[in-house]
Amino acid sequence: MIEITTLSELTIDGKLALHRTSSSKELFDYSTDELKAWFHGQRALSDAIMVGANTVRVDDPQLTVRHVTGPNPLRVIPSSDGLLPLSSALLNDGLPTLVATAKTAQAATVAALTAKPGVEVVCCGETEVDLAALAKLLAARGVKRLIVEGGSTLLSSLFGHDLVSKIIIKHIPIISGDPDAPTYLTLTPRPGLNLGISRWRMDDWFVKGGIGVSIYGREAAP
């Protein structure tokens, strides 16, 4: 069984980034070396790491382990149309990367991705990526712990399909002040998603390098 853990950085006013169009890397820059080492240690403990296609487009992340010594997790990118920038760092460093598309992705787009070193493309879903099917595929390949560092759209989809078992939040002591900056979960209704009340328990809370970190586990329904 796969454990899906979301790992996010949130401002005091609940934002994933400082502004609507800015990169989430700006929040990471406020981290101390101690927190960065802990954060990358979480990556090293995971079998796979996932972000959404928009995060790849905006942040151009590496999704590798750099601030500690440890193995790089398999990188997993759900992208229904497969339209990722072919110049992206994670498509050009040769490290194992799995791109999940829907059946509607164009053959030429898939071919361009599979031509990249270390990149594999799988189809999971008809018109958009079926995250539950993708989780089963990863579990069948031996992935036991998947860490998700995605934006609000991907997080909303995972929570809406009841796939998350653990939440980690780094509380960045900054107020964005921008009402249009992305929030933890998107407020836009989407078909098939059930974002009603869910119960969580706080399993741990600590300060690492001056930044508060909270960890939550799923609370069983009464």
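The values are calculated or read from the model by the stated rules, or taken from the named source; none is laboratory data. Being a predicted model, the structure only gives us computed values, none of them experimental. With ideal geometry, Cβ positions are generated from the backbone for all residues, glycine too; neighbour counts draw on all protein chains shown.
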Query raised in the report: Mind checking whether some residue in region 119-127 is touching a Ser or Thr at 6+ places or on another chain (Cβ under 6 Å) and either surrounded by 20 or more Cβ atoms within 10 Å (Cβ to Cβ) or of a type in the set (Lys, Arg) (or both)?
Result: yes
Query raised in the report: Restricting the search to region 36-52, which residues are in a loop (DSSP other than H, G, I, E, B) and either at pLDDT below 90 or surrounded by 17 or more Cβ atoms within 10 Å (Cβ to Cβ) (or both)?
Result: SER46, ASP47, VAL51, GLY52
Query - Hey, ASP33 exposed (fewer than 15 other Cβ atoms within 10 Å of the Cβ), in contact with a Ser or Thr (Cβ under 7 Å, 6 or more places away or on another chain) and either at pLDDT 95 or above or at negative phi (or both) or not - result: no
Query raised in the report: Can you name every residue in region 1-45 that is under 15 Å from ILE175 (Cβ atoms) and of a type in the set (D, E, K, R)?
Result: GLU9, ASP13, LYS15, GLU26
Report task. Please work out if ALA111 is surrounded by fewer than 20 Cβ atoms within 10 Å (Cβ to Cβ), small (Gly, Ala, Ser) and in contact with a His (Cβ under 6 Å, 6 or more places away or on another chain). Result -> no
**Report entry** Residue ranges of strands (runs of 3 or more DSSP E) in region 53-130 with at least 2 members over 26 Å from SER22 (Cα atoms)
**Finding:** 119-123
Query raised in the report: Can you tell which of THR153, THR104 is farther than 30 Å from TRP200 by Cβ and of a type in the set (Ser, Thr, Tyr)?
Result: THR104
